[in-house]
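Encoded as structure tokens, the structure appears first; notes follow it.
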Amino acid sequence: MPLAKYHAKRDFDITPEPHGSGKMSGGHELTFVVQKHQASHLHYDFRLEWNGVLLSWAVPKGPSLDPSVKRLAMAVEDHPLEYGGFEGVIPEGQYGGGTVMVWDRGTWEPEPESADVDAALGSGELKFTLHGTKLKGSWVLIRTKFGGARSSWLLLKHKDRFASAEDVVAAKPKSVLSKKLMAQIAKTAGGGVARAAKADPTRSAAERDEKETEA
Ligand code: MN
């Protein structure tokens, strides 16, 4: 049961998160999603579709486009593919209670395309290309501490034309799904607006993102 841990942590009578079928859905490009999640601590959940589930890592500071910056990525339980479309509020008191934003999503492929992904994950070094709205180009996940489902990894951007010194999480704070900020998502879903707003940038950064979205 690949989603057993995911199911065990949640009460689906209370949380609006998807239960997930766990069904394989082959024959399409592999998807990825990055969800901004204001739980007890703000973090970004980085998820790669593989073998019918979303392999998942919690990245406290979020991804960086700067190849000299290593971002800690803590392995967490596999999530159902349907989770990639989830944006809303997990009720307080439930596992991960707080606001969730679809911060980026798209497709991914291993590098090289013919790479054995299971072997790469097993050896603790997975190279891949992202085709997202905010995240593009070549990346790598490197395991630094083995602990089964609680392993520590580093998420790193490789040098390519998409590498940048721009602080992408600050510069592009809006949902790629709804264009909303965290506070607006919380408001729509009846969650805690004040707490969600703490995860949003200052007005000026949000306005810059607005201009980029329109450009
Ligand atoms: Mn999370």
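Details
- Taking the listed residues ARG161, ARG150, ARG143, ARG71, the one that is modelled with pLDDT of 95 or more and surrounded by fewer than 16 Cβ atoms within 10 Å (Cβ to Cβ) is ARG161, with no other qualifying.
- The residue that is nearest to the ligand (Cβ to nearest atom), counting only those in the range 52-80 that are out of contact with any strand residue (DSSP E or B) (no Cβ under 6 Å at 6 or more places or on another chain) and aliphatic (A, V, I, L, M), is LEU72.
- Of all residues in the range 30-39 being more than 10 Å from the ligand (Cβ to nearest atom) and in contact with a Gly (Cβ under 9 Å, 6 or more places away or on another chain), the one that is farthest from GLY106 (Cα to Cα): VAL34
- Residue count for the range 87-135 satisfying the condition of being in a helix (DSSP H, G or I), closer than 15 Å to LEU54 by Cβ and either open to solvent by 40 Å² or more (accessible area, probe 1.4 Å) or not β-branched (Val, Ile, Thr) (or both): 1.
- For LEU48, the stated conditions do not hold, so it cannot be described as away from the ligand (no atom under 11 Å from the Cβ), within 13 Å of the chain's Cα centre (by Cα), buried (at least 18 other Cβ atoms within 10 Å of the Cβ) and without any contact (Cβ under 8 Å) to a residue 40 or more places away in the chain.
Per-residue answers, yes or no, for (1) among the basic types (Lys, Arg); (2) closer than 23 Å to LEU72 by Cα; (3) not in a loop (DSSP other than H, G, I, E, B):
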{"residue": "TRP153", "(1), (2), (3)": "no, yes, yes"}
{"residue": "LEU156", "(1), (2), (3)": "no, yes, yes"}
{"residue": "LYS159", "(1), (2), (3)": "yes, yes, no"}
{"residue": "ALA165", "(1), (2), (3)": "no, yes, no"}
{"residue": "SER175", "(1), (2), (3)": "no, yes, no"}
{"residue": "LYS179", "(1), (2), (3)": "yes, no, no"}
{"residue": "GLY190", "(1), (2), (3)": "no, no, no"}
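The values are calculated or read from the model by the stated rules, or taken from the named source; none is laboratory data. Remember, it's a predicted structure, so these values are computed and weren't measured experimentally. Every residue, glycine as well, gets a Cβ built from its backbone with ideal geometry; the counts of neighbours run over all protein chains shown. Surface accessibility is based on the protein's heavy atoms, side chains included, excluding ligands, DNA and RNA. Shrake-Rupley method; radii C 1.70, N 1.55, O 1.52, S 1.80 Å.
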